[in-house]
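S.K.: I am attaching a structure below and will ask some questions about it afterwards.
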Amino acid sequence: MEQTVEQKLQALWSLQTIHTKIDKIRQVRGELPIEVADLEDEIAGLETRLEKIRVDLDDLEDSIVKRKNMIKDAQSAIKKYEGQLNEVKNNREYDAISKEIEIQGLEIQVCEKRIKEAEFEIKNKTEGYEKTESNLNFNKAELEVKKKELETITSETQIEEDTLLKKAEDATTNNELRLLKVYNKLRDSYRNGLAVVSIERDSCSGCHNKIPPQLQSEIRQRKKIIICEHCGRILVDEEIASED
C-alpha cells in the first residue's frame, strides 16, 4: 500500500530524529579523540625536545671537562717552560720559551672563557629542560584524564548508539527510496546533518529564513513534499516535529 504524503513526512522526520541523536553522540565523542591525538603529538614533541636538551647538556659537560684538562695541560707546560728558562743559553732561546709560555697562558684564558660560556648555556638549558619537563608532566596528566573521559563516554554511549543505529536501519525501510536519496544527499550537504527541519517562529529551523504564510499553510496541509526555497531542506509542520 502506497504511503500518503503525511506518512512520508512522518517517516522522514522519524529518521531525521534518530540520526540527530546519533550525530550528537558522535559529536561529543568526536572532539575527544582529536584532543587525545593532539596531546599525544605534543607529548612526543616535548619528549623529543627533552632528549635533545639532554644531549646538549651532556656535550656541554664534556666540553667543560675537556677545557679543564686543556688548562691542566697548559699549566703543566708553563711549569716545564718556566723551568727551562733557568737553563737558556741565549736570548733567542729565552724569547722562544717565553713565547711558548705566553701561548699557553692565552690557551688557559680561552679555555676559561669557553668554560664560563658553557656554564651559562648549561644554566639556560637546564631552566628550559625543567620548564619542558613541567609541561610534559602536565600534558601527560591531562592525557590520562582525557583518555579516561573518552573511555567512559565510549562505554556509556556505545550501547545507546548501537540501539539508535538499529532504529535508523528499521526507520530507513519505512521511507521511499527516491526520498531517501534526497534525504541522504541533504544530510551530506550540511555539517549538522539536518535534511528534514520544522517550522519554528514562522521560519525554517535549518537556515532561519522566514517562510511565507501561504507556504506555511501548504506545509501544514501535508498534501505535498515542500522544501525550503533558501536552503533546500525538507520542511515539516510543528505538529509532526512534536512527534518523537
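The values are calculated or read from the model by the stated rules, or taken from the named source; none is laboratory data. The structure presented is a predicted model; accordingly, all values stated were derived computationally and were not measured. Neighbour counts run over all protein chains shown; Cβ positions are idealised from the backbone, glycine included. We work out accessible area using only protein heavy atoms, side chains counted, and drop any ligands, DNA or RNA first. Shrake-Rupley method; radii C 1.70, N 1.55, O 1.52, S 1.80 Å.
S.K.: Which one is farthest from Thr152 (Cα to Cα), of the residues in region 2-12 that are in contact (Cβ under 8 Å) with a residue 60 or more places away in the chain, assigned to a helix (DSSP H, G or I) and open to solvent by 40 Å² or more (accessible area, probe 1.4 Å)?
M.R.: So the residue we want is Glu6.
S.K.: Here is a further query. For region 67-78, check the following and say yes or no: at least one residue is surrounded by 11 or more Cβ atoms within 10 Å (Cβ to Cβ), touching a residue at least 24 places away in the same chain (Cβ under 8 Å) and closer than 30 Å to Ala141 by Cα.
M.R.: Checking region 67-78: not a single residue is surrounded by 11 or more Cβ atoms within 10 Å (Cβ to Cβ), touching a residue at least 24 places away in the same chain (Cβ under 8 Å) and closer than 30 Å to Ala141 by Cα.
S.K.: What number of residues within region 218-244 are small (Gly, Ala, Ser), farther than 19 Å from Lys181 by Cα and in contact with a helix residue (DSSP H, G or I) (Cβ under 9 Å, 6 or more places away or on another chain)?
M.R.: Final tally of qualifying residues: 1.
S.K.: Only one of Leu15, Leu50, Leu60, Leu85 is over 30 Å from Lys116 (Cα atoms) and either surrounded by 15 or more Cβ atoms within 10 Å (Cβ to Cβ) or modelled with pLDDT of 95 or more (or both); which?
M.R.: Leu15
S.K.: Considering each residue of region 174-188, count those that are under 18 Å from Ile22 (Cα atoms) and touching a residue at least 24 places away in the same chain (Cβ under 8 Å), and give that number.
M.R.: The qualifying residues number 3.
S.K.: A further question on this structure: Under 8 Å by Cβ, and 6 or more places apart or on different chains, what pairs join a residue from region 16-40 that is closer than 29 Å to Leu179 by Cβ with one that is acidic (Asp, Glu) and assigned to a helix (DSSP H, G or I)?
M.R.: Qualifying pairs under 8 Å: Ile22/Glu161; Ile25/Glu160; Ile25/Glu161; Arg26/Glu161.
S.K.: Give me a count of the residues in region 124-162 that are open to solvent by 70 Å² or more (accessible area, probe 1.4 Å) and hydroxyl-bearing (Ser, Thr, Tyr).
M.R.: 1
S.K.: Name the residue that is farthest from Ser134 (Cα to Cα), counting only residues in region 23-73 that are touching an Asp or Glu at 6+ places or on another chain (Cβ under 8 Å) and among the β-branched types (Val, Ile, Thr).
M.R.: Out of the qualifying residues, it is Ile71.
S.K.: List the residue pairs whose Cβ atoms are under 7 Å apart, where the first residue sits in region 125-146 and is basic (Lys, Arg), the second is open to solvent by less than 50 Å² (accessible area, probe 1.4 Å), and the two are 6 or more positions apart or on different chains.
M.R.: Lys125/Ile53; Lys125/Asp56; Lys125/Leu57; Lys140/Ile43; Lys146/Leu32; Lys146/Val36; Lys146/Leu39
S.K.: Can you pull out every residue in region 64-91 that is in a loop (DSSP other than H, G, I, E, B) and among the hydrophobic types (A, V, I, L, M, F, W, C)?
M.R.: Val88
S.K.: With the requirement that a residue be open to solvent by 70 Å² or more (accessible area, probe 1.4 Å) and either among the small types (Gly, Ala, Ser) or over 33 Å from the mean Cα position of the chain (by Cα) (or both), what does region 168-207 give you?
M.R.: Glu169, Asp170, Thr173, Asn174, Leu177, Arg178, Lys181, Ser189, Glu200, Arg201, Asp202
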